[in-house]
1. In this structure, does Asp180 turn out to be under 27 Å from the mean Cα position of the chain (by Cα) and closer than 25 Å to Asn125 by Cβ?
2. Quick one: in region 142-166, which of the residues that are small (Gly, Ala, Ser) and open to solvent by 30 Å² or more (accessible area, probe 1.4 Å) is nearest to the chain's Cα centre (by Cα)?
3. Cβ contacts < 7 Å: first residue without any contact (Cβ under 8 Å) to a residue 60 or more places away in the chain, restricted to region 217-229; second residue surrounded by fewer than 16 Cβ atoms within 10 Å (Cβ to Cβ), any location; separation 6+ or different chain. Result?
4. Can you confirm whether region 246-255 contains a residue that is in a loop (DSSP other than H, G, I, E, B) and either closer than 29 Å to Asn125 by Cα or of a type in the set (Ser, Thr, Tyr) (or both)?
5. Whether any residue in region 38-45 is open to solvent by 50 Å² or more (accessible area, probe 1.4 Å) and of a type in the set (A, V, I, L, M) is what I want to check.
6. Can you tell me which of Asn41, Asn49 is at positive phi and modelled with pLDDT under 90?
7. Residues in region 125-133: is at least one closer than 25 Å to Ile273 by Cβ and of a type outside the set (Asp, Glu)?
8. For region 193-203, what are the residues that are open to solvent by 30 Å² or more (accessible area, probe 1.4 Å), in a helix (DSSP H, G or I) and in contact with a strand residue (DSSP E or B) (Cβ under 9 Å, 6 or more places away or on another chain)?
Amino acid sequence: MLIQDGIIEFIDYLYVEKGLSKNTIEAYKKDLDLFVETIPNMEYVVDINNDNIRKFIRYQTAKGLSATSIIRRISTIKNFLLYLQREGKYSQKIPKIDLPKKAMHLPTYLTEEEVEALLMAPDLNKKEGIRDRAMLEVMYSSGLRVSELLSITKGNINVPKGIITIMGKGSKERRVPIGDFALEYLIKYLDEVRDKKRNVRTNVIFLNKFDKPISRQYFHRIIKQYALKVGITKEISPHTLRHSFATHLLEHGAQLRVVQEMLGHSDVATTQIYTTITQNRIVSAYDLYTKRK
């Protein structure tokens, strides 16, 4: 079977049966096309083997591609071969390849003092300030992803119990607590701003001045603006509050599994990166102490 014919069938499978997004499917196709273009004389699916995949890795590495991007492209090739194998069009064993190791990039986080300053930055004399304070408080209090925060509806919030129900990645539902301060500012926003709007056609809570849901881009922009306002010079994004939430919980003795559940991580290894941050801070504090002795 020609590789190009296999790619066409695979893309149809991803679209029709898997129901993946257009962007995801385009990324799969781009990776496979690049693989075929990179390796000369590779025309049939039987030509896909360990040697050709290793050549592809070497070529991508020589071009300066990151380990993360290379791993993603090899994963695409393997998914393609698994599909062909299930369809009886690839009878060989799926190649086992030693992938390049990802460099560990510790996420940017804020100190508790910086978080406090950021939360207090919005002007509560303005409607937008009340809304922004509520968004910042809720995101930090519950460790939400920005997409989760911006899709919250009234039906997601149990005020008496202080719980928010979140639909996270992979349509997985989880319930997370919301802190007293966050709940206070959320109720203030609902009572003084959101519930006074009359032309709203969405159940989403956080709205812009046109009564439309807040966009990720807007939220990213205002967080950077508030950070500059209070003198935070770190390169931050909305996700920085989620990183800070996890780091601070672990610093105060929270169990790793509990933090994993609150963040909605499917793999505890994803959460463990925050233990590296806390350990680094302890070592740094120890080093500073010993130098002062």
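The values are calculated or read from the model by the stated rules, or taken from the named source; none is laboratory data. Predicted, not measured: the structure shown is a model, and the values here were computed from it. Cβ: placed from backbone, ideal geometry, glycine included. Neighbour counts: every protein chain shown. In case anyone asks, the SASA skips ligands and DNA or RNA and just uses the protein heavy atoms, side chains included. Shrake-Rupley method; radii C 1.70, N 1.55, O 1.52, S 1.80 Å.
1. Yes: the conditions hold for Asp180.
2. The residue in question is Ser147.
3. Sorted first by the residue in region 217-229, then by its partner, the pairs are Tyr218/Asn208.
4. Looking for residues that are in a loop (DSSP other than H, G, I, E, B) and either closer than 29 Å to Asn125 by Cα or of a type in the set (Ser, Thr, Tyr) (or both), one finds none in region 246-255, hence no.
5. No: zero hits.
6. On the way: Asn49 fails: at positive phi.
Testing whether each residue is at positive phi and modelled with pLDDT under 90 leaves just Asn41.
7. No, there is no match, as no residue in region 125-133 is closer than 25 Å to Ile273 by Cβ and of a type outside the set (Asp, Glu).
8. If the condition is that a residue be open to solvent by 30 Å² or more (accessible area, probe 1.4 Å), in a helix (DSSP H, G or I) and in contact with a strand residue (DSSP E or B) (Cβ under 9 Å, 6 or more places away or on another chain), then no residue fits.
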